[in-house]
Amino acid sequence: MLIGTSTYQSADLTDLPAVRNNLDGLAAVLTAPAIGAISPDHCVVIPDPTDARTVYRALRKYAAAAEDTLLVYFAGHGRTGPRNELYLGLADTDPDELRVSALAFDLIRDVLAECPAANRVVILDCCFSGRAIQDMSGADERIFGQIGVEGTYVLASAPANAVALAPVGATYTAFTGELLNLLNTGVPGGPDLLTFGTIYRRLLHTTSTRGLPIPGQRGTGTVDLLALARNVAAGTPEKSRQPLEHSGEPGRQDVGPPTTSTPLADGAATTSARTRGNPPGRAEAEQDGSHSFDVTPVEIIFPHEAGLTLRTYTPMLDEAGTWNEVPVFLAVRGRIQLFDDHATLVHYVRANVSHDLAALPGWTSVAGSVKAANLEPDDADRYNLDLVPQNLAAGHDLWDPDLLISAGEIARDLACALSLNDVLAALAPGSLLDDLDEILRTGGVFARRRLRRFDAAEVANGWRSIIHRLSTVVDHHQHS
């Protein structure tokens, strides 16, 4: 079901002509024989609905008939109620009478709960659409893996406290325009099918690099592995490129990877990769000669646990034709996997378990090359988050730049890879902690003086929140 409101009767809600184009564009691509997985007779488009009852009845009708997958898309104005609940704007919505004139997302959630389909997908392109993710996850953010309704996936165009963008004169709204571009052009050298997990990672990268609102996602079960469309560029080789510089945060070009890292595996798919040579312990990882990546062991120390995991950086091409890399960890359904010792990690990697790294082309070769002897992290790949609050409490003059900078790098990487939008926002350009990071990196004779301008308590509280947040998405594997 594709629902969109482009015209509004209320003077307080501006018309959104691009929304009608959103509906036409999505209907075309999702039913295109070479791309989409939906037959035209199963694609229902509801443009400019006037009242909530009409939409609710249609939702219940088609949800009851769905057997395999139900997909609900909405584009238009979003508003929040007195309890911060999300309402979707319809043609006759009055911002002062949301409860009786707009569609409450709670109603959509109820319909999803009763739907017999194995997979239920909601895509929201509206302001405050991140509220839907909160609604589906419940009040306790520590239970991300048990949100809402099993088999449900929500993709939101903007965080819970942010507005979506509909540029004046643009053919599509910003988020849906990026989604349509991805579906119509595909991912060169990528998998045959574009799953929701793949789609989200690409959208996260493109929106971040373009300065658009950061999308969010939540899912249960394996619904993120559900394919929305065929990858029309699957057979197209990736553009040749020079060795990539790591960007710990999408669009951030000033932070590079440690040059002393010792990867577990190094593919030689490009000439530039071959010219670097393969140090001892590396193994080639290729898939049809089109993709390669390096995996390095990483040690992370949290306040109450510590262990090893694996990390790589996968290339993504932005609209300017520039290659950037985004982090991918040994993670499962948004949770980082941390291991007590080398042997337990090796056993897990070779156990053919589904995780984020396993979705990358060439992983089978990489996994086969992992050995306990190669799992000792370099100093540059050891991150001690436990020491950060202690160091900040010691006072400005004793703040450790290396410790705090490395903490920021691993926090950004984890937040990007695990879709932790709250952490990304806390470390985003212009934030308090990002300003601190910039001063620490700049150094110089006046750095200490500039550091004293920061409220030490505010900085410490910010970092405590980040560390606590990261600690809630850790699965700790102990030696057995």
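The values are calculated or read from the model by the stated rules, or taken from the named source; none is laboratory data. Computed from a predicted model, the values in this text were never measured in an experiment. Every residue, glycine among them, receives a Cβ derived from its backbone with ideal geometry; neighbour counts consider all protein chains shown.
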**Item:** Lone qualifier among Leu385, Leu360 - being under 30 Å from Ser465 (Cβ atoms), surrounded by 14 or more Cβ atoms within 10 Å (Cβ to Cβ) and of a type outside the set (S, T, N, Q)
**Value:** Leu385
**Request:** Please list, ordered by first then second residue, the pairs with beta carbon atoms under 7 Å, 6 or more apart or interchain, first in region 356-377 and farther than 15 Å from Leu225 by Cβ and in the same structural domain as Ile300 (by TED's automatic domain parsing), second hydroxyl-bearing (Ser, Thr, Tyr) and not in a helix (DSSP H, G or I).
**Result:** Gly362/Ser292
**Request:** Look at Phe329 and say whether it is touching a His at 6+ places or on another chain (Cβ under 8 Å) and not polar (S, T, N, Q).
**Result:** no
**Complete:** Considering residues that are at pLDDT 85 or above and farther than 22 Å from Ser369 by Cα, the number found within region 306-325 is 1
**Complete:** Checked region 56-112 for anything out of contact with any Asp or Glu (no Cβ under 6 Å at 6 or more places or on another chain), part of a helix (DSSP H, G or I) and closer than 19 Å to Ser10 by Cα; matches are Asp96, Glu97, Leu98, Arg99, Val100
**Request:** State which residue is surrounded by the most Cβ atoms within 10 Å (Cβ to Cβ) when the search covers only region 72-115 and only residues that are more than 21 Å from Ala18 (Cβ to Cβ) and among the small types (Gly, Ala, Ser).
**Result:** Ser101
**Complete:** Counted residues in region 34-50 being in contact (Cβ under 8 Å) with a residue 24 or more places away in the chain and farther than 12 Å from Gly4 by Cα come to 6
**Residue within region 45-68 that is under 26 Å from Leu212 (Cα atoms), within 27 Å of the chain's Cα centre (by Cα) and either surrounded by fewer than 19 Cβ atoms within 10 Å (Cβ to Cβ) or among the small types (Gly, Ala, Ser) (or both) present** = no
**Item:** Odd one out for Ser208 among (1) under 17 Å from the mean Cα position of the chain (by Cα); (2) at pLDDT below 85; (3) outside any helix (DSSP H, G or I)
**Value:** (3)
**Unmet requirement for Ser365, which otherwise passes all of (1) among the small types (Gly, Ala, Ser); (2) assigned to a helix (DSSP H, G or I); (3) modelled with pLDDT of 85 or more** = (3)
**Prompt:** If we scan region 111-130, do we find a residue that is at pLDDT below 60 and either among the β-branched types (Val, Ile, Thr) or assigned by TED's automatic domain parsing to the domain that holds Tyr8 (or both)?
**Reply:** yes
